[in-house]
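A.B. asks: I'd like to ask some things about the structure below.
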Amino acid sequence: SILQMSSSNKFDDLLTRLGTGRWNLMYFLSAGYWYLLLPGQTFSVIFMAPALNYTCRPPEGNHTVHVSEDSCYYSINKSSLVGVEEEEPCTEWDFDTSVFSTTLTSEFGLVCGKAYLRATFQSVYMFSTIFSSLISGYIADKYGRKVVVVVSMGLFSLISLVLTFVTNYQVILALRFFMGALSSATLYMLSMEVCEVKQRSVVGVVLGLPWAIGTMCWGALAYGIRDWRWLQAISSFPFLIIIPVLFQINESPRWLIVRGRHQQALHVLHRAARLNKATLPPEDQLCKMMNDIQAEAEMANTKSTRKGKQVLDEHRRWFTFPTPALFSTAKIRQITIVMSLNIFSCSLVYCGLSLSGNAYSSDPFLYVVIGGLMEVPGYTLSAPIISRWGRKKPIIIGWFVSGASILSLVFIPKDISWLVMVLAMIGKLAISGVFMVVFVYEAELLPTEVRLQGVAVIFVAGQIAATCSPYLADFLSPLVPWLPSVIFGVSSFVAGFSLFNLPETRGMALPDTISDLEELYKQNKFSETKKEEELEKLQT
């Protein structure tokens, strides 16, 4: 709305006046440092609970006849009768220690009937991030961004370190759940709120690079440390360094102004001006500007609430039961379903490839390092590509490249390890780029009045896929080696084809309401018709 744009522009102009300096860099460097360390906790299952070769070790003193082929059972002769055997489940195993000295797999016997618990170690973390997004967003809007950042990151760091000393696997899973629930994007959001407009696209891409670099560092660190407890401890200690720094950053001045805390906002703005060596308008002008921003934001919220109620009332006239706004018309329903499918497939393929080091490489450490390296061009090249060629076509091409490379793995003998690795890395490069662009595309397609609701629904679809992917990569792959590649490849093609009927958003005005989608589709159709006519003229 105009009121929202006016309020936003006033504060954005103030951020432009403050410029980019030491004050902003505190936020950017803190976020970058955090995302540099996060891959080691997010994908720790790769090196802490890997699939290992093992052999059943029957109890001493028993008259063991033979051990089953899968080393999950052994037969003993308990009777005096010759040939009468009883089968017993294995409870102890000898594990291969040629790659890892100790792991969760070997320490807690996560094989045979407990093999699914390896994937659960990863899955429980990804599942709990669903609650992280919902809870942290609500608290950050109500009580401020800084309190969420300090509390969640402080607890995350503490639990990560405590995990090193836990000797009960159920407690470890519980702690992993809490770590996922504490993993939020609030610091990223705070960094964007204090960033001047002209730098936001650059900062947004740059803050994605530490994740890729952190993934490479995680592979290198795990190569040097083969004991899971030492690996967890050494990867956790650096988190503690950032905690004192988080107390030095300020609350979002934008949030303080909207909440009516003008004196606190003035203090923050003066500190920002001092650190950035910039000058602010006179204090009376600042106070007037903050009053205007707060008033406009309150009016916009009131208008938005009233308008949202009118929209729902209108939908109830057409349907016999209350229908959620995201499914109220054919256009918004199509966008919600297709983008949910795309984010679901993105998470499924990205997490699946990230966790498939044992399936696609003989060296899991090298696989993780090169996988992180592939994400760098995926993140950095996406911005110039979509600014030139739009959003829709690059996503579709990325999906098809990803699908073709992954499906090809089904037909490549595992003996040709270099080709398997190359195809897997092409898939990782493509899906990394697709992931970045899909987030931009969904935000531009969803109307303002349902954007937050839509993003939340689509995010949940992605986290459901991330929760399932460990079972495909770790549990299903040993049973049916070709099936995960088929699932990842087919998912890529299905997601790509699903986008064909959606409009291109490059250069289009963002829709404010669900009814505005009709105009967006019409503009897109007119643009495509005009291109076809121009092409026909050139051909004739």
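The values are calculated or read from the model by the stated rules, or taken from the named source; none is laboratory data. Only a predicted model underlies this, so the values are computations on that prediction, with no experimental measurement involved. Here Cβ is always computed from backbone atoms with ideal geometry, including for glycine, and neighbour counts include all displayed protein chains. Accessible surface is based on the protein model in full, side chains and every heavy atom, while ligands, DNA and RNA are left aside. Shrake-Rupley method; radii C 1.70, N 1.55, O 1.52, S 1.80 Å.
Quick grid of which residues meet (1) closer than 21 Å to Val148 by Cβ; (2) touching a strand residue (DSSP E or B) at 6+ places or on another chain (Cβ under 7 Å); (3) surrounded by fewer than 20 Cβ atoms within 10 Å (Cβ to Cβ):
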residue: Pro253; (1), (2), (3): yes, no, no
residue: Arg261; (1), (2), (3): yes, no, yes
residue: Gln264; (1), (2), (3): yes, no, yes
residue: Leu269; (1), (2), (3): no, no, no
residue: Arg274; (1), (2), (3): no, no, yes
residue: Thr279; (1), (2), (3): no, no, yes
residue: Asp284; (1), (2), (3): no, no, yes
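A.B. asks: Kindly indicate whether Gly144 is more than 28 Å from Asp363 (Cα to Cα) and in contact with a helix residue (DSSP H, G or I) (Cβ under 7 Å, 6 or more places away or on another chain).
C.D. replies: yes
A.B. asks: Tally up the residues in the range 493-527 that are closer than 20 Å to Arg388 by Cα, open to solvent by 90 Å² or more (accessible area, probe 1.4 Å) and modelled with pLDDT of 70 or more, please.
C.D. replies: Summing the residues that are closer than 20 Å to Arg388 by Cα, open to solvent by 90 Å² or more (accessible area, probe 1.4 Å) and modelled with pLDDT of 70 or more in the range 493-527 gives 2.
A.B. asks: Then there is this: Within the range 413-426, is there a residue that is in contact (Cβ under 8 Å) with a residue 40 or more places away in the chain, open to solvent by less than 50 Å² (accessible area, probe 1.4 Å) and not aliphatic (A, V, I, L, M)?
C.D. replies: No, every residue in the range 413-426 fails to be in contact (Cβ under 8 Å) with a residue 40 or more places away in the chain, open to solvent by less than 50 Å² (accessible area, probe 1.4 Å) and not aliphatic (A, V, I, L, M).
A.B. asks: In this structure, does Arg200 turn out to be touching a Phe, Trp or Tyr at 6+ places or on another chain (Cβ under 9 Å) and open to solvent by 20 Å² or more (accessible area, probe 1.4 Å)?
C.D. replies: Spelling it out, it is not the case that Arg200 is touching a Phe, Trp or Tyr at 6+ places or on another chain (Cβ under 9 Å) and open to solvent by 20 Å² or more (accessible area, probe 1.4 Å).
A.B. asks: Could you tell me which residue of the range 32-60 is modelled with the highest pLDDT, considering only residues that are open to solvent by 30 Å² or more (accessible area, probe 1.4 Å), out of contact with any Phe, Trp or Tyr (no Cβ under 6 Å at 6 or more places or on another chain) and of a type in the set (Ser, Thr, Tyr)?
C.D. replies: Among those that are open to solvent by 30 Å² or more (accessible area, probe 1.4 Å), out of contact with any Phe, Trp or Tyr (no Cβ under 6 Å at 6 or more places or on another chain) and of a type in the set (Ser, Thr, Tyr), it is Tyr33.
A.B. asks: Search the range 356-408 for residues being closer than 25 Å to Ser44 by Cβ and outside any helix (DSSP H, G or I), and hand back the single one that is most open to solvent (accessible area, probe 1.4 Å).
C.D. replies: If we take residues in the range 356-408 being closer than 25 Å to Ser44 by Cβ and outside any helix (DSSP H, G or I), then Ser362 is most open to solvent (accessible area, probe 1.4 Å).
A.B. asks: Taking the condition touching a Ser or Thr at 6+ places or on another chain (Cβ under 7 Å) and open to solvent by 10 Å² or more (accessible area, probe 1.4 Å), does Ser183 pass?
C.D. replies: Judged against the criteria, Ser183 is a match.
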